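To start, the structure itself, in structure tokens.
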Amino acid sequence: MKKLLAVFSVAFMFLYANAQEVADLKEPSSEVKELMKKHKLKEVDFDYVKKMIGVGNRGAVEAILIDARPQVKYQRGTIPSSLNIADTDFEVGYKQIADVSKDKEIIVFCGGYACTKSAIVADLLMKKGHKNVKVYNAGEPEWSKKDYLEVDTLVVKAYFENNSALLVDARPHVKYLQETILGSISIPDTNFDKLAGRFPIDKDEKIVVFCAGYECEKSNIVAEKLYKLGYKNVVVYAGGLPEWKKQSLPTTAGAKKVDAVKKEQKPEFSKNGAKLGKDDGSIDGEWLKALIVENKVPEYIQIVNVLPEKEFKKGNIKGSINIETDKLSAKEIVSKLPKNKTIVFNCSAGARSIEAWMKLKKDGIDVSDIFYFDANINCKDNNCKIEVNEPLE
């Protein structure tokens, strides 16, 4: 028995020492280095990855990030904007980027300096013809020590059920009032400084920030500000309210009582003939989407993209013009709008177009023929994928 215990003791000490050695690695292991050299892969560091993902939402990244770890690891926490393509299920995961230009930069990472999965997936991507593939060998372990992570619905669902995290809705307050994840608080990114006092005194409190889905940058903006304030246990739920609803999880809309009082009848069309949406200030999303898809947007409608010029140039709705409304006053915005047109603001997820419209209304501007397009829009040149957000019922 003593001999057996001695064997177990030695084995345990060996495994612990080995695990500690892996955790303490400051550079790629010899096995990883060998694969990097064999496949002629370039390594990048934290600062480079941080620069490439920008704000952190999928629509604004300069490079596509690929998490090569198993799905369960990816779901529990990954670098913002990342897609999951595991080495063990490469062909299935690859379908997510099969149509991406082969010149697009791709950065692959996994579980740190001892993890070979990123080099393996990088090699498989190059064999598919991708010409600009790099590896972030420090991966998720280093990133999680220096910045916030992105989590999946299953993690947020667990926090929700256990009441173990503060849920923060970073969308405009008007959208929060319409519908949000049950139990969340409203901290719009544009009002962060004013409302920062509402966050917990305890900087170790778990905080989950969300907004209008993968194309929405507002949750990343709030999470970044929280992280800089010392909240190191903050994460972004990139799927946001749209993904939460897809899984039929509780929202405030389900808790609302049906108003039996007959509402005031609203006009169906604007004075120029645009079909109005159910929400105040909105255009009918499905109506406009059909016109865009069929390339039949009437001449009296001018779609105005409110995003920064850099994002606008990546892709936009055909015929749209660019006015970055965030940096302008209401009067400055109006001075740039075409005259005698029905104006429709659009962005990538609906939030910034709503804010542009609200800025005008708040300043007393006549918005009777100015509207916003509440939709998730992802464009490459003039080829746009449009998913209309549900109006308040």
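Choose one of Gln302, Leu154, Asn316: the residue whose Cα lies farthest towards the positive end of the charge dipole of the chain (beta-carbon charges +1 Lys, Arg; -1 Asp, Glu; about the Cα centre). The listed residue farthest towards the positive side: Asn316. Summing +1 for each Lys or Arg and -1 for each Asp or Glu among the other residues whose beta-carbon sits under 14 angstrom from that of Gly183 gives -1.
Taking only the alpha carbons of the range 23-144, we obtain Rg and Dmax values of 13.0, 39 Å in that order. Helical runs assigned H by DSSP (4 residues or longer) give the chain a calculated mean residue ellipticity at 222 nm of -10000 deg cm²/dmol, each run adding -39500 (n - 2.57) before division by the residue total. Using only Cα atoms and rounding to the nearest 10 degrees, what angle (0 to 90) does helix 2-23 make with the longest principal axis of the chain? On a 0 to 90 degree scale, this one is about 40. The charge dipole of the chain, taken about the Cα centre with unit charges on the Cβ atoms of Lys, Arg (+1) and Asp, Glu (-1), comes to about 300 debye, rounded to the nearest 20.
The angle between the Cα long axis of helix 117-127 and the main principal axis of the chain comes to about 60°, on a 0 to 90 degree scale. Other residues with beta-carbon under 13 Å from the beta-carbon of Gly56 carry, at +1 per Lys or Arg and -1 per Asp or Glu, a net charge of -2. A Förster radius of 25 Å, combined with the Cβ-Cβ distance separating Asp103 from Lys33, puts the computed FRET efficiency at roughly 0.40.
In nm², what is the average projected area of the convex hull enclosing the Cα atoms of the chain? Please report the intermediate quantities before stating the final value.
On the way: hull surface 98.3 nm².
Averaged projected area of the chain's Cα convex hull equals 24.6 nm².
For a test of the definition: using alpha carbon positions, the gyration tensor, and the 1.5 limit on a/c, classify the range 169-288 as rounded, prolate or oblate. Numbers along the way, then the final one.
On the way: a/c = 2.29, a/b = 1.96, b/c = 1.17.
Prolate.
Take every DSSP beta bridge whose two residues both sit in the chain; close to 20 percent of them are antiparallel. Taken over the alpha carbons of the range 48-104 as equal point scatterers, the Debye sum produces base-10 log I(q)/I(0) values at 0.14, 0.19, 0.21, 0.25 Å⁻¹ of -0.38, -0.70, -0.85, -1.09. Relative to the longest principal axis of the Cα atoms of the chain, the long axis of helix 153-162 lies at roughly 90 degrees. Lacking any other cysteine beta-carbon closer than 4.7 Å, the following Cys residues of the chain have no compatible partner: Cys347. If you build the convex hull over the alpha carbons only and average its shadow over all orientations, what do you get for the range 290-376? Give it in nm² to one decimal. The directionally averaged projection comes out at 5.4 nm².
Give me the percent relative contact order of the range 285-388, please, defined on Cα pairs under 8 angstrom at least 6 residues apart. Provide the component values of the computation, followed by the final result.
On the way: 184 pairs, mean separation 31.3, N = 104.
Relative contact order here is 30 percent.
Only the coordinates and a few stated rules stand behind these numbers; no lab work does. Note that the structure is a prediction, hence the values are computed from the model and not measured. Here Cβ is always computed from backbone atoms with ideal geometry, including for glycine, and neighbour counts include all displayed protein chains.
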